[in-house]
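The values are calculated or read from the model by the stated rules, or taken from the named source; none is laboratory data. Remember, it's a predicted structure, so these values are computed and weren't measured experimentally. Neighbour counts run over all protein chains shown; Cβ positions are idealised from the backbone, glycine included.
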Amino acid sequence: MNQTRILLADKHLILVDALKTLMDAVFRIVGTAADGRALVSKAEQLYPDVILTEIDMPHLSGLDACEHLRKSLPRCKTIFLTVNEDLESAEEAFRRGAWGYIPKKAPVTELFKAIQLVLSGRAYISPLISREPISVFISRAKSREHQEPLTFRQREVLQLLAEGKSMKEAAKILDITSRTVAFHKYTMMEQLGISRSAELVRYAARALIPGKSAIPSLSY
């Protein structure tokens, strides 16, 4: 059996189980995760060679997880297997450190091809997303890179609040105090020039997951 170590992450457990069954005969599946925070935690414990994840994940988006792991596990390569098929999401993924990007409607053979390519040090984007050379695509994506105004912790808090979690619930998930969550919330609003919670929700809709237009209201 191939000793390539793979970590699977998706909020849909039936898909994770199906992928595990499909890939277990070829690769070594070292773990699974159902949310972005679990993905980061397990990756930093298990040191996979490849992470296969979705963009839209609970508690922490796949994009934020990828960006964090690019710094903490620079040798690990993240491939997005996602329902997000727009170019904006793909460009953002590569800006955050992705090595591959494949829509979920792609054939299984394409997934295996992408894994082999990224293991050899070559990035991959599905022709269902873009048919231009990968070097051109990545160069254009990174040329549009902008400075993220929020820290990793602030984005964790933002996503949990945007998912409808109360500050107390967010504090429990992050293992911090409710007062610390409140501090991050109001610091974000000040940094972004936002005066109302509803405006922060609209910012979250744009910033957390490209192409996702609706996020529940913040809880107080």
Does VAL30 satisfy the criteria of being surrounded by fewer than 20 Cβ atoms within 10 Å (Cβ to Cβ), of a type in the set (A, V, I, L, M, F, W, C) and not in a loop (DSSP other than H, G, I, E, B)?
-> yes
Name the pairs whose Cβ atoms lie under 6 Å apart, with the first residue in region 65-85 and closer than 16 Å to GLY100 by Cβ, the second crowded, with 20+ Cβ neighbours inside 10 Å and basic (Lys, Arg), and 6 or more positions between them or separate chains?
-> CYS66/ARG96; GLU67/ARG96
Search result, residues across region 1-17 that are among the polar types (S, T, N, Q) and crowded, with 17+ Cβ neighbours inside 10 Å | THR4
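Identify, please: which residue in region 168-194 is outside any helix (DSSP H, G or I) and of a type outside the set (Val, Ile, Thr) and is, among those, farthest from the chain's Cα centre (by Cα)?
Only one residue tops the list, namely GLY193.
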Scanning region 53-72 residue by residue, the ones that are outside any helix (DSSP H, G or I) and buried (at least 17 other Cβ atoms within 10 Å of the Cβ) total 8
Going through region 52-91 one residue at a time, which ones are in contact with a Gly (Cβ under 8 Å, 6 or more places away or on another chain) and polar (S, T, N, Q)?
-> THR53, SER61, THR78, THR82, ASN84, SER89
Top-ranked residue in region 88-110 [being surrounded by fewer than 21 Cβ atoms within 10 Å (Cβ to Cβ) and hydrophobic (A, V, I, L, M, F, W, C); ranked as modelled with the highest pLDDT] = ALA106
Kindly indicate which of ALA171, ALA182 is at pLDDT 85 or above, farther than 25 Å from ARG96 by Cα and surrounded by 17 or more Cβ atoms within 10 Å (Cβ to Cβ).
-> ALA171
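To keep it simple, each residue is scored yes or no on (1) in a loop (DSSP other than H, G, I, E, B); (2) basic (Lys, Arg); (3) crowded, with 22+ Cβ neighbours inside 10 Å.
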site	(1), (2), (3)
LEU19	no, no, no
LEU22	no, no, no
VAL26	yes, no, no
GLU44	no, no, no
ILE51	no, no, yes
PRO74	yes, no, no
GLU85	yes, no, no
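Taking the options LYS142, LYS105, LYS113, name whichever one is outside any strand (DSSP E or B), of a type in the set (Lys, Arg) and touching a Lys or Arg at 6+ places or on another chain (Cβ under 9 Å).
Being outside any strand (DSSP E or B), of a type in the set (Lys, Arg) and touching a Lys or Arg at 6+ places or on another chain (Cβ under 9 Å) holds for just one of LYS142, LYS105, LYS113, which is LYS142.
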